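As structure tokens, the structure follows; a few thoughts come after it.
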Amino acid sequence: MVNETGPRLAELAGQDVPVAAWCLGCGHHRVLAVGDLLARMDGRTAVAAVARRLSCSRCGSRAIETRPHYAGLGVVAGHRWHEE
């Protein structure tokens, strides 16, 4: 198992920061409430590791990336967000 660094779900919950997830296959994206993720995962789970537990609701791909969704920062560099 990969030892992933970066923010953990519990840290984001303490800051009320959701998680952005996007599909590398079709570009579909969604902002996920951290409380909903904590209902399914341990608070020590790295945000980057959340992606391994997800699949795209549009195309079914498991090629997902996740990052903290800090309000006001806009699109994370290197990723295109497609219109729905």
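Return the pairs, sorted by first residue and then second, in which the second residue is part of a helix (DSSP H, G or I) and polar (S, T, N, Q), the first residue lies in the range 34-63 and is within 18 Å of Q15 (Cβ to Cβ), the beta carbons are less than 9 Å apart, and the residues are 6+ apart or on different chains. As it stands, the answer is V34/Q15, since those pairs meet every condition given. In the range 16-33, the residues that are within 20 Å of G6 (Cβ to Cβ) form Cβ pairs under 7 Å with partners that are of a type in the set (G, A, S) and crowded, with 17+ Cβ neighbours inside 10 Å, at six or more places apart or across chains, as follows: A21/A51; H29/A20; H29/A21; R30/A21; V31/A20; L32/A21.
All of the numbers you see were taken from the coordinates with simple rules; none came from a lab. Not measured: the values here are computed from a predicted model. Reconstructed Cβ throughout: ideal geometry from the backbone, glycine too, with neighbour counts over all protein chains shown.
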